[in-house]
Structures are given as structure tokens and as C-alpha cells.
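Colleague: Structure incoming, see below.
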Amino acid sequence: MRRVLIPLLAAVFCMPSALAAGMEPGLWQVTVTGHIQVPGANLNEPVRRRSTLCIAPHEPAENAFLPQHHQLCLTDHHALGAGREAWSIRCTMPHAQVAQKGWTQSAARSFLAHWRMVETPDQGPASTTTMVMKGRWTAPDCGKK
């Protein structure tokens, strides 16, 4: 099950920096819903996660979203207009390749993203994760977060 969580974690933390660039500093609530499927292991698991993120006033907003291992990923994107962008992200992780495709729609106090990720491990069955991420700004101050 730990291997199956890699795409979920990659999705939650690989929000493209262009999405984060126009977001207001403060406390954000993020909801992730979707499914993880591993046909070779007969697994079809629903995903529902809720988390909060802090975008500090003095740091780039993308720091709240990009993982520490983001240098292992190659990204490609193009603007679709009206704050919407299409993205493709390919990551080389230890013992697996993760390919993500999706789109984001952002505003100063909200975002919406749809993603499909395929993780292909060096050994074992591949997994596919589809998800929708919704975020909303909740407060100008992150408190103790």
C-alpha cells in the first residue's frame, strides 16, 4: 500500500508553480478526491484527503506545493486562457517512474485541478490515480501551522 501512495503524495505536492504564483498568502484548505487503481493487484481504492497549507507572505507561493524532490521531475505546460493551464509532469523516483497529466484553474483565493497519474514501478504492477483537487483560501494568517 505504501507504493500506491506515491502518486497521491506527488499530486498533492507537485502543484505547478504557475498555479501557486497568483495565490494569496495565508492559510489554504485543500481537498483531494479520486481513485487509485492497481489492476495487477486487484485494487480500486477511493481517495479522500483534506489538508491545510500555509503560504507565508515572504516566501514564493510555490514553496508550499513543490516537494523537496522536485528536481527529479520534468514539467511541461501551456496556458489555455482565463487562468487555466494544462500540465504534464514526469518524475524519476527511486524504483519507479511517475507520469502526471492534468489541468489547473486558479484565482487569488481558489484553485481547481484535475489530474491523472500513472506510476510504473521497476517491479510489480503499475497504478493509475485520478483525482480532483480543490483549494480555497481560508485566512490571511496561518497561525501556528
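The values are calculated or read from the model by the stated rules, or taken from the named source; none is laboratory data. Predicted model, so just to flag it, every value in this text is computed and none were measured. Every residue, glycine among them, receives a Cβ derived from its backbone with ideal geometry; neighbour counts consider all protein chains shown. Heavy atoms of the whole protein, side chains included, go into the accessibility calculation; ligands, DNA and RNA do not. Shrake-Rupley method; radii C 1.70, N 1.55, O 1.52, S 1.80 Å.
Colleague: Would region 129-140 turn up any residue that is in contact with a His (Cβ under 6 Å, 6 or more places away or on another chain), at pLDDT 80 or above and polar (S, T, N, Q)?
Modeller: Within region 129-140, one or more residues are in contact with a His (Cβ under 6 Å, 6 or more places away or on another chain), at pLDDT 80 or above and polar (S, T, N, Q).
Colleague: Exactly one of (1) at pLDDT below 85; (2) of a type in the set (V, I, T); (3) part of a strand (DSSP E or B) is unmet by V12. Its number?
Modeller: Among (1) at pLDDT below 85; (2) of a type in the set (V, I, T); (3) part of a strand (DSSP E or B), V12 violates only (3).
Colleague: Same structure, new question: Within region 113-138, take every residue that is in contact with a Phe, Trp or Tyr (Cβ under 9 Å, 6 or more places away or on another chain) and of a type in the set (A, V, I, L, M, F, W, C) and give me the one that is nearest to E45 (Cα to Cα).
Modeller: My answer is M131.
Colleague: Yes or no: region 33-53 includes at least one residue that is within 21 Å of P121 (Cα to Cα), at pLDDT below 60, β-branched (V, I, T) and open to solvent by less than 30 Å² (accessible area, probe 1.4 Å).
Modeller: Looking for residues that are within 21 Å of P121 (Cα to Cα), at pLDDT below 60, β-branched (V, I, T) and open to solvent by less than 30 Å² (accessible area, probe 1.4 Å), one finds none in region 33-53, hence no.
Colleague: Among the listed residues A82, A139, A108, A126, which satisfies the condition of being open to solvent by less than 30 Å² (accessible area, probe 1.4 Å) and either in contact with a Pro (Cβ under 6 Å, 6 or more places away or on another chain) or not polar (S, T, N, Q) (or both)?
Modeller: The conditions single out A139.
Colleague: Hey, another quick one. For W103, all conditions in the list (1) touching a residue at least 24 places away in the same chain (Cβ under 8 Å); (2) part of a strand (DSSP E or B) hold save one; what is the number of the exception?
Modeller: (1)
Colleague: Out of the residues in region 92-104 meeting the condition of being at pLDDT 85 or above and of a type outside the set (V, I, T), tell me which one is farthest from V30 (Cα to Cα).
Modeller: Within region 92-104, the match that is farthest from V30 (Cα to Cα) is H95.
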